[in-house]
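*Asks:* My structure is below; once you've seen it, I'll send some questions.
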Amino acid sequence: MAAAAAATFGIRSVPSNVWLHKFGARTAAASIRSRSFTTLASLSPVEDTDDIKLNVIPKEDARESVSSTSNNNNYKSNKSYYPKRGQTLELVCESLAFKGKGVCKVADSGFVLMCDRALPGERFIGRVTRKKDNYAEVKKLKTITPHSDYVEAPCEYASHCGGCKTQNLSYEAQLKAKEQQVRDLVVHVGKFSDQEPEFAGVMKPIVPCDIQFHYRNKMEFSFGPKGWVPAEQLQEKSTDEFVYALGLHAPGFFDKVLNVNKCLLQSDSANEVLATVQECWRDPELGLSPWNVHSHTGFLKHLMLRSGRNIETGLPELMVNFVTSSDNPECLRPLVEKITTIPEVVSIVNNVNTSIGNTSVGEKEYTLYGKSTITEILRGLTFQISANSFFQTNTRQADVLYKLIEDCAFLKGDGSEIVLDLFCGTGTIGLTLAKRVKHVYGFEVVAQAVSDACQNATLNFINNATFVEGDLNKIDSTFASNLPKPDIVITDPNRPGMHIKLIKFLLRLRASRIIYVSCNPATCARDLNYLCYGVPEQNIEGRYRLSSLQPVDMFPHTPHIECVCSLVLR
């Protein structure tokens, strides 16, 4: 079966969809103009939708006065103008756009300015760094008045680390902003009318995360030859801060690493490991050097920490993964001896990645201490997690997410349904449903993930799940033709969303129900539009009705939003 199914992935990928540029730009602009909105929108091809951004500003609200600064720093009132690159402005942030950037606008003209780390209600001085046709990007220089929902950020790195952009915004305000972002995208990209009475029942309130810190079960830190320090802290830091670094990349830079001694998103035991490594890895006697992305020299590339649970005792387990540029695991022995004094550490591995790329997946892997995997429990199932396995990063909230998916499936309870699980990863979603359905068929492009899915099925004594390796962006008309017609399709694509060929397949398949799980509400809204309303320019007819859309906050203090959408065949 697997060989036959895999053969359907043989055709090459279609080039960038020019028609999507034309269709998206024309219909989106026409629709939004008809509602008297000013918009920032960029619809890119289905293969690359990372630039989809949209924030809608009602023209009747575009009346805030904005000041500009001349070269002599005298402020003067300006009404109805378009700022230029290099200009300094006094701005008020009105809302958050997707990816967490603050949205401001120029008086009268309604011209949109996007500013990283600006929060709703904050008045600040910003400099225009980049100008585009319909919006500009601004760098915040100084806060004049903080935002109304300000809270003290508990993390010392919050102002400079790229991980927790909204840590000083109250959690209630974070949830409100995320819910509004999803609503705006569904209306203005998905073309679902919020004026219809049914919309209130479709759009569900966002599900909060019970734990706002220490929720991540995986963190990856990078080594670097020189520590990055924010400009405003240069005078405060000692010269030691600039020599060798272990931490997180500075926002927007692949070659600058901010030294981090403690991250509030990971567990206490993981922070203990991080601190232990920080204390000793720079010792000249160890002869350890950090990887230099420019010269392609050095030994240590990444430190990856993964947390799990022992299935017998329920106690936490920790895996430490050193990613190195060469095959010399003995060099790590002094670090291993230090780390193994921490009781939670049950696995230390070394991934050897000899390429110049920045990936943490190696060509070789050595187990330096303990086990080669750790375990975690999700929805009553046990999962083996290796150094390079994909697993939901927030285990506790993943349990909530999967319960929502199960609720959306509306299983009959007689074990008769066939489930098609697309972008199945290591099989976690499909396997949590398997014992209540007839069969689960999962498709995934990553070979290691497919192997892990099969192992997870065996580990949990599940015999009615089949996992196939294949690229869902390269399917042809015979895809899944040798499988029984599914009653339920679950699709969990990565950030670019689904390829138009896969959407056409789903519309031809006509499964009774589609559950769309998304980590990117912008591409999710676009795909929901295609499934429900079709693509007239391509003679593609929509066949589904959106019955519910549930935002879920998986990652507090970050701009990321998960959504579970239920679609029913009309």
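The values are calculated or read from the model by the stated rules, or taken from the named source; none is laboratory data. Here the structure is a predicted model, which means the values were calculated and not measured. Glycine also receives a Cβ, built like all others from the backbone with ideal geometry; neighbour counts cover every protein chain displayed. Protein only, heavy atoms only, side chains kept; ligands, DNA and RNA dropped before computing areas. Shrake-Rupley method; radii C 1.70, N 1.55, O 1.52, S 1.80 Å.
*Asks:* Equivalent-ellipsoid semi-axes (√(5λ), Cα gyration tensor) for the range 412-487, whole Å, largest first?
*Replies:* Numbers: eigenvalues 76, 56, 13 Å².
Calculated on Cα positions only, the semi-axes equal 19, 17, 8 Å.
*Asks:* Positive end of the dipole of the range 129-201, charges at C-beta (+1 Lys, Arg; -1 Asp, Glu), about the Cα centre: which of VAL187, ASN168, PHE199 has its Cα farthest in that direction?
*Replies:* Positive-end residue among those listed: ASN168.
*Asks:* Stretch GLU156-GLU541 to full length: gain in nm at 0.36 nm per residue minus the Cα-Cα span?
*Replies:* Extra length available between GLU156 and GLU541 comes to 133.4 nm.
*Asks:* Can you run phi through the Karplus equation (6.51, -1.76, 1.60; θ = phi - 60°) for the range 411-426 and list ³J(HN,Hα) in whole Hz, with x for Gly and Pro?
*Replies:* 4, 6, x, 9, x, 9, 7, 9, 10, 9, 10, 9, 6, 6, x, 8
*Asks:* Sticking with this one: Counting other Cβ atoms within 10 Å, which GluC sites (Glu not before Pro) in the range 240-285 have at most 15 and lie in a DSSP loop?
*Replies:* Numbers: sites: GLU241, GLU272, GLU279, GLU285; in loops: none.
Qualifying residues, ordered by number: none.
*Asks:* Another one. Over 22 Å between C-alpha atoms is what I'm after, so list which of LYS101/LYS226; LYS226/LYS301; LYS99/LYS140; LYS99/LYS139; LYS403/LYS438 land there.
*Replies:* LYS101/LYS226
*Asks:* Between LYS131 and SER170, with labels modelled 7 Å along Cα→Cβ, what's the label distance in nm to one decimal, could you check?
*Replies:* 3.9 nm
*Asks:* Carbon and sulfur atoms: what percent of the 1.4 Å accessible area of the range 343-451 do they account for?
*Replies:* Working: 2270 of 4200 Å².
So the carbon and sulfur contribution to the accessible surface is 54 percent.
*Asks:* Let me ask another. Taking the dipole about the Cα centre of the range 239-329, with the C-beta of Lys and Arg at +1 and of Asp and Glu at -1, give me whichever of LEU265, VAL320, LEU300 is farthest to the positive side.
*Replies:* My answer, from the dipole projection, is LEU265.
*Asks:* Could I ask something else about it? Does the range 341-443 come out rounded, prolate or oblate by the C-alpha gyration tensor, with a ≥ b ≥ c the root eigenvalues, rounded set by a/c under 1.5 and, if not, prolate when a/b is larger than b/c and oblate if not?
*Replies:* Numbers: a/c = 2.82, a/b = 1.97, b/c = 1.43.
Because a/c hits 1.5 or more and a/b exceeds b/c, the range 341-443 counts as prolate.
*Asks:* While we're on this one: Let me have the relative contact order for the range 462-546, percent, based on Cα pairs under 8 Å that are six or more residues apart. Kindly include the intermediate steps, with their values, before the conclusion.
*Replies:* Numbers: 86 pairs, mean separation 22.1, N = 85.
With pairs under 8 Å counted, the relative contact order is 26 percent.
*Asks:* Once the Cβ-Cβ distance between VAL445 and TYR82 is put in as r, and R0 is 60 Å, what FRET efficiency do you end up with, to the nearest 0.05?
*Replies:* So the FRET efficiency works out to roughly 0.85.
*Asks:* Okay, next question. Counting other Cβ atoms within 10 Å, which trypsin sites (Lys or Arg not before Pro) in the range 394-469 have at most 11 and lie in a DSSP loop?
*Replies:* When the trypsin sites (Lys or Arg not before Pro) of the range 394-469 are filtered for loop state and at most 11 Cβ neighbours within 10 Å, LYS412 remain.
*Asks:* For the charge dipole of the range 440-513, defined by +1 on Lys and Arg C-beta atoms and -1 on Asp and Glu C-beta atoms about the Cα centroid, which residue among ALA453, SER477, PRO493 has the Cα displaced farthest towards the positive pole?
*Replies:* Comparing the listed Cα positions along the dipole, SER477 ranks first.
*Asks:* Given an 8 Å cut-off on Cα distances and at least 6 residues of separation, report the relative contact order of the range 362-460 as a percent.
*Replies:* Contact order relative to length: 25 percent.
*Asks:* Moving to a separate point now. Over the range 108-217, with every protein chain in place, what whole percent of the accessible area is carbon and sulfur at 1.4 Å, could you tell me?
*Replies:* C and S atoms contribute 48 percent here.
*Asks:* Shifting gears a bit: Of all accessible surface on the range 237-307 at a 1.4 Å probe, what whole percent is carbon and sulfur?
*Replies:* Carbon and sulfur atoms account for 53 percent of the accessible area of the range 237-307.
*Asks:* Using the crude model of +1 on Lys and Arg Cβ and -1 on Asp and Glu Cβ, and no other charge, please compute the dipole size for the range 297-425 relative to its Cα centre, in debye to 20.
*Replies:* 340 debye
*Asks:* To continue, here is another question. What distance in nm lies between label points placed 7 Å from Cα along the C-beta direction at ARG436 and GLU406?
*Replies:* The answer from the label model is 0.5 nm.
*Asks:* What do you get for Rg/Rh of the range 401-440 when both radii come from the Cα atoms and Rh is the Kirkwood radius?
*Replies:* Rg/Rh: 0.92.
*Asks:* When ligands, DNA and RNA are left out and all protein chains stay put, how many square angstrom of accessible area per residue does the range 119-217 have with a 1.4 Å probe?
*Replies:* 50 Å²
*Asks:* Now a separate question. Go through the range 481-570 and name the GluC sites (Glu not before Pro) that are in a DSSP coil and have 14 or fewer other Cβ atoms within 10 Å of their Cβ. All intermediate terms of the calculation are to be shown ahead of the outcome.
*Replies:* On the way: sites: GLU537, GLU541, GLU562; in loops: GLU541.
Hits after loop and neighbour filter: GLU541.
*Asks:* Per residue, how many Å² of accessible area does the range 357-400 show with a 1.4 Å probe?
*Replies:* 44 Å²
*Asks:* Still on this structure: In debye, nearest 20: dipole of the range 118-252 around its Cα centre with unit charges on the Cβ of K, R (+) and D, E (-)?
*Replies:* Taking the Cα centre of the range 118-252 as origin, the dipole is about 520 debye.
*Asks:* Dipole of the range 368-497, Cα-centred, from +1 at each Lys and Arg C-beta and -1 at each Asp and Glu C-beta, to the nearest 20 debye?
*Replies:* Dipole about the Cα centre, nearest 20: 240 debye.
*Asks:* Spin-label point model (7 Å from Cα, Cβ direction): what's the ARG508 to GLU285 distance in nm?
*Replies:* Using points 7 Å along Cα→Cβ, the separation is 6.8 nm.
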